[in-house]
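Reading through the structure tokens given below for one structure.
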Amino acid sequence: MNMKKQAIPIPNSSEQNQHADLDEQARYWIVRLVSKEMSQRELEDLEAWLAEHESHAAAFARERALWQDLDMVAEGPASRPMPAAGMRPKPLQKRPRLSRRRLVRALPLALTASFIALFYGPVLLLEMQSDFRTAAGETRSIALSDGSTVMLDSASAIAVDMQGRNRTIRLLEGRAWFDVRHESRPFLVEAMDGVTRDIGTAFEVMEQDDSVQVSVTEGAVEVQGRARGAAHLLEAGERARYSDSDVVPLPSRPVSAMASWRKGELLLNQQPVEDAIQQIARYRAAPVWLWGDFDDLPTVSGVFLISRPDEALATIARMRSLERVELPGGALLLRPKEK
């Protein structure tokens, strides 16, 4: 039986160029959004560009999905290993010159590799370093080999080492609550070059921007900051923060209000609007971008469900008269309404 071969449609060069142009435009708008330096006119131009054609919104969603978390900055590549003692390095070989045609063909691949290293590098590094990790919107309870319990909040990661003289947990990202089972070996939580040592307790450790916050829900802990100076004792209901400076005490809170995310709730008590939005946004898979000045807005108090972050953000937007701009790919832009 004779079968006719069906021609496979191949996009012509003009279609490919148009697709590439849209991706480049979408990439430009994402960079402008992340810079937080967009003018009112630029924001209106973005909204008009997205509404102009469905292919624009699709390109924007594609680029946002590729870049993942646009706030992350990759570390530089690791330096090459030095030759061992007594070994002579291999002589440098003269590299062949690239023709213009080969260079032009290789350039898109190089740019793609650069983007992957820049935006996926931190994710891959975190994946390799961590023993336990949660995705955005996920919380997880983990039973450690010594009988202790760790609960990870959304978008958090830890590395666990139970083999040495110390039981050491490294908080790599996000926040975690620890309920420690006591034994002869110390239980240590390392975060941003500081250390929290258990003295018979349950406590929370949270990375926030360039600082670490420790809250004690039961018993006591000793906290040493990056400088590793004198240890600061914290008891139930007490909190402290450390960064580049020494450990700084924070106002105490009722134990019932600490680490409320473990119960599926987020308790906000007179939080600045920007901080409140950032706390809720950690439970969304897509990013939330803030644009404008939030400093003069009244603070936010309330109880919000972490399983419904969009409802919580919509409530805060209504409470504080914020404008919500929904972007392709689930991204959200919030800004104060103009008076």
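With neighbour counts taken as other beta-carbon atoms within 10 Å, the residues Met151, Met128 rank, fewest first, as Met128, Met151. Note that the range 234-248 has calculated 3J(HN,Hα) couplings of 10, 10, 3, x, 9, 9, 7, 9, 9, 9, 6, 8, 6, 5, 10 Hz, one per residue in order, obtained from phi through the Karplus relation 6.51 cos²θ - 1.76 cosθ + 1.60 (θ = phi - 60°); glycine and proline are x.
Remark: the range 129-138, residue by residue, has Karplus-estimated 3J(HN,Hα) of 7, 8, 9, 9, 8, 10, 8, 4, x, 9 Hz, where x stands for each Gly or Pro and the curve is 6.51 cos²θ - 1.76 cosθ + 1.60 at θ = phi - 60°.
Net charge within 12 Å of Ser252 by Cβ-Cβ distance, Lys/Arg positive one each and Asp/Glu negative one each, not counting Ser252 itself?
Overall, the nearby charge balance is 0.
With a ≥ b ≥ c the root eigenvalues of the C-alpha gyration tensor of the range 263-304, is it rounded (a/c under 1.5), prolate (a/b larger than b/c) or oblate? Oblate is the answer for the range 263-304, as a/c is 1.5 or above yet b/c matches or exceeds a/b. For Val247, the residues whose modelled amide H falls within less than 5 Å of its own, excluding neighbours fewer than 5 places apart on the same chain, are Gly225. Distance between Cα centroids, the range 233-271 to the range 309-339: provide it in whole Å. When both Cα centres are located, 27 Å separates them.
Every read-out reported here was derived from the displayed coordinates using simple, explicitly stated rules and does not represent laboratory data. Since the model is a prediction, treat every value here as computed from it, not as a measurement. Positions of Cβ are generated from backbone atoms using ideal geometry, with glycine treated the same way; all protein chains shown enter the neighbour counts.
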